[in-house]
Structures are given as structure tokens and as C-alpha cells.
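Just below is one structure, and these are the notes that go with it.
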Amino acid sequence: MMTVPGIGHSQKFWTMNGSYQMEQVDATLRGVRDDVMIYVDDSIWDRKITPNDVAELQTRLHDQTPEGSIQPHSGIISVERQLFQKEKTPVTLLLTESDAPFEGFFTPMDLLPETEALQYGGHSNERPMVHLNTGRVKEGDSPAAHLGPIFSHEVQHLYHYQHDQDEETWLRELLAQGAMNLTGHRDVELELQSKNSPTAPILTGEEEMANYPGLTSFAAHLQKEFGPEILIRLNRHPANGVESVNAVLAEMGSDETFDSVLRDHFVEQAEKRIAAGQALERYRVGDAGGLLPAQVRPGGAEFIDLSNSNPLNLTVDGWQDGLFLERLVIGEHGVRREPLDVGSGCVQLPPGRRQLLMLGSSEPAASVQLSFSPSV
């Protein structure tokens, strides 16, 4: 275990600039507490970050978290060490400034010897470390208030990596967003994200941008239904992705699966949008019926408005395992759900004043064609 130096210690660190290139900065240790070392890039000291900012950040890390935290009288590092950490090690927090579009990052490269990192075309600081970008802090805002939630996200990546080095990106980001939920940081960063539908796909690929708003709300749904325990177990489970979720649910004695929980989550999001008078569906089908080609992406759902006053027959081409289709009947007391089995042939859809079809996927990507025709 590394020795924790004293305040005023200076050294060079590798970090990432706005061009996503590694560069070295000179930084000085400005705060140390409970094995968390806060180094500040010398070029921003007393300009972007002051001694008071460091003190406020330490309060958030060690003493208290916002209302909504599962332990509001404990700091971020205390909560997350208890929930997620495999082995206690000193953590270095480096504050820099750049015009990069990211708020901060954790990289496993920092855990390697520099000689090994060079073989991968990178560099290493040879320590458990979180990098935070103060360039994203707006003028007049509290750096500590802005950076605390980002630290909550990034340090969870560090602790998760202690358990699982090859997790799928979407679940890795879900757990980090879940850590923000658990420490009381509910809506941080979301205004920076695209205004995706709340049912936009969450099972993004390794090269895709994670759907952070969707992952945040799904993590909150998991916490609400199964308690923080499900996030704790997912953090340490050796399986990956959907397989990990299904395994953890089984371990907890639940009959639910990723598929059923995802459906419940999407219906919950739909109910919120309906109650708020917000548009949800992208497609509409009336009494005349018609053909509707639809692209279904993993972990996402589409909604179809059924404005039919007469019965319709529905057949689906391209159906496969992992897809789901439900009729949602909207009434005064909420939404009534009716799962539809279209794999075996034609399904009749009764008329309704307000009803939707929810078409989604718990894992595969698919191109399907829905054929609606008047029922004779």
C-alpha cells in the first residue's frame, strides 16, 4: 500500500486534455483525509480552486451527502466504501481544467505499472485514481457542489473494477449512476444529455454513448423495487450484463427477470409521461389499419397509439425471443396491462378510447413489421 504524503507534496500526473490526449500536469497535494488525497493542478490553484473549495469538497466526501442519500450523515467515500469496495486503498483525486466534454474519468490504466501502460499506448499514475475536470464548473457555481456528484460516479467505477474487469459498458454505467442515486445526487448531469425518450434503449454497445438518463431512472427503479442490495450484488457479481441481472435477481429469491423488470420500468415511465400530459408514442394506427415497420433496439421500447373505434387484427413478421408486446389501456385509475402473444399468429385488438401498444426488446435488436387490418 502506498504511503500517504503530507500537504504541500508536489508531483507530476498524467491526465487527459480536451483533445483526448494524455499530458502531464504539475499538481500539489491540497487536502488529505481518510486516505483520500486531493491534488490540484498548480495552474488552477487560487484561480479555479481555492482552499475553501477543497474544504467544502472534503465535507461532501467524508461528512455528509444530500437529502435522499441512504446515509445523509456520511460522506460519499464512506457510503461507497461500505457498499462497493473490495479492498481499502488510498484514493488520489486530481482536479484539473480543460475544455473536454467529459466531467471526469477513472481509467484502469492508472492501476498498471507505467512500463506496462506504455505497451498499450498509454500512461499510468500507478495508483487508484479519479480525475475531475473543473472546466465544466460554471462561473459562480460551487466547485464542490458540482464535483462531488461526479466523484460519486467515478469512484464507483474504481470500486466496481476491483470486482469485475470486463463488465459490459451499460451495466458499468448503470452502477455508477446508481451510486449517485444512493448518495443523494438524483439529477446531476442529466441536463447535459440528449432529450431521449425515457424508454430509449439502455443496452448500448461498447462503441455507443451510454444512455445516462435512462440508466439513472432504471437504477432508481431497481433500488425502489429491490433496495440498495441489488446494486451492491450487481457490483460484485462475476457475470456480465443481462446475465448478471438475472443471476442476482435469482440469488435474491425473486421470480423477476431482466425482461420483466425492464417492462415494469418502461410502463412506470409511460405512466409518468401520460400523467404529465407529455407525448409518448411515435406511431398511430386508426380503424383503417396499415403496415408499420419498426426497428427495435436492445433494452428499448416504442409506443403505438391505437385510436381504433373498431376491432383490429394484428400480425407481426420478424418476431423473435427477447421481444415483448403489451397493450396498455389508460384509465382514470392508471394503466392496465395486457401482454400479447403474437408469436403464434394473429391477435385481435379490441377498440378502446385510450390505449397504446408497447413494443420492446429485453436484449436482441430486431426489425419487425406490424400488420394491422380491420377485424371482420
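The values are calculated or read from the model by the stated rules, or taken from the named source; none is laboratory data. As the structure is a prediction and not an experimental result, all values here were calculated from the model. Reconstructed Cβ throughout: ideal geometry from the backbone, glycine too, with neighbour counts over all protein chains shown.
Anything in region 129-157 that is polar (S, T, N, Q) and farther than 13 Å from residue 105 by Cα? List them, or say none. Step through it out loud before you land on a result.
Of all residues in region 129-157, those polar (S, T, N, Q) come to 133-134, 142, 152, 156.
Matches in region 129-157: 142 only.
The rows are residues; the columns are (1) outside the structural domain of residue 203 (by TED's automatic domain parsing); (2) of a type outside the set (Gly, Ala, Ser); (3) part of a loop (DSSP other than H, G, I, E, B).
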{"position": "259", "(1), (2), (3)": "no, yes, no"}
{"position": "308", "(1), (2), (3)": "yes, yes, yes"}
{"position": "316", "(1), (2), (3)": "yes, yes, no"}
{"position": "327", "(1), (2), (3)": "yes, yes, no"}
{"position": "335", "(1), (2), (3)": "yes, yes, no"}
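Determine which member of the set 279, 366, 288, 275 is exposed (fewer than 13 other Cβ atoms within 10 Å of the Cβ) and touching a Lys or Arg at 6+ places or on another chain (Cβ under 9 Å). I'd like the intermediate steps shown before the answer.
Details: 366 fails: exposed (fewer than 13 other Cβ atoms within 10 Å of the Cβ); 288 fails: touching a Lys or Arg at 6+ places or on another chain (Cβ under 9 Å); 275 fails: touching a Lys or Arg at 6+ places or on another chain (Cβ under 9 Å).
Selected residue: 279, the only one of 279, 366, 288, 275 that is exposed (fewer than 13 other Cβ atoms within 10 Å of the Cβ) and touching a Lys or Arg at 6+ places or on another chain (Cβ under 9 Å).
Residue-by-condition table, conditions (1) among the hydrophobic types (A, V, I, L, M, F, W, C); (2) within 30 Å of the chain's Cα centre (by Cα); (3) in a helix (DSSP H, G or I); (4) within 30 Å of residue 246 (Cα to Cα):
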residue	(1), (2), (3), (4)
268	no, yes, yes, yes
284	no, no, no, no
342	yes, no, no, yes
359	yes, yes, no, yes
369	no, no, no, yes
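I'd like to check something: does region 104-123 contain any residue that is surrounded by fewer than 17 Cβ atoms within 10 Å (Cβ to Cβ), among the β-branched types (Val, Ile, Thr) and not in a loop (DSSP other than H, G, I, E, B)? Scanning region 104-123 turns up at least one residue that is surrounded by fewer than 17 Cβ atoms within 10 Å (Cβ to Cβ), among the β-branched types (Val, Ile, Thr) and not in a loop (DSSP other than H, G, I, E, B).
Restricting attention to region 344-357, the residues that are within 20 Å of residue 281 (Cα to Cα), touching a Pro at 6+ places or on another chain (Cβ under 6 Å) and in a strand (DSSP E or B) add up to 0.
Please work out if residue 2 is surrounded by fewer than 18 Cβ atoms within 10 Å (Cβ to Cβ), in contact (Cβ under 8 Å) with a residue 60 or more places away in the chain, hydrophobic (A, V, I, L, M, F, W, C) and assigned by TED's automatic domain parsing to the domain that holds residue 178. Before the answer, list the steps.
Working: surrounded by fewer than 18 Cβ atoms within 10 Å (Cβ to Cβ): yes; in contact (Cβ under 8 Å) with a residue 60 or more places away in the chain: yes; hydrophobic (A, V, I, L, M, F, W, C): yes; assigned by TED's automatic domain parsing to the domain that holds residue 178: no.
Considered against the rule, which asks whether it is surrounded by fewer than 18 Cβ atoms within 10 Å (Cβ to Cβ), in contact (Cβ under 8 Å) with a residue 60 or more places away in the chain, hydrophobic (A, V, I, L, M, F, W, C) and assigned by TED's automatic domain parsing to the domain that holds residue 178, residue 2 comes out as no.
In the set (1) in the same structural domain as residue 330 (by TED's automatic domain parsing); (2) surrounded by fewer than 19 Cβ atoms within 10 Å (Cβ to Cβ); (3) not small (Gly, Ala, Ser), residue 298 fails one condition alone, (2). The lone criterion from (1) over 17 Å from residue 368 (Cβ atoms); (2) at pLDDT 95 or above left unmet by residue 277 is number (2). One residue alone among 238, 198 is part of a loop (DSSP other than H, G, I, E, B) and modelled with pLDDT under 95, and that residue is 198.
Residues in region 55-70 that are touching a residue at least 40 places away in the same chain (Cβ under 8 Å) and surrounded by fewer than 18 Cβ atoms within 10 Å (Cβ to Cβ) were compared, and the one that is nearest to residue 98 (Cα to Cα) is 56. Per this entry, residue 340 is not counted among residues that are more than 11 Å from residue 296 (Cα to Cα), crowded, with 19+ Cβ neighbours inside 10 Å and touching a strand residue (DSSP E or B) at 6+ places or on another chain (Cβ under 6 Å).
Looking only at region 6-54, filter to residues that are surrounded by 13 or more Cβ atoms within 10 Å (Cβ to Cβ) and part of a loop (DSSP other than H, G, I, E, B); which one of those is farthest from the chain's Cα centre (by Cα)? Ranking the qualifying residues of region 6-54, first place goes to 9.
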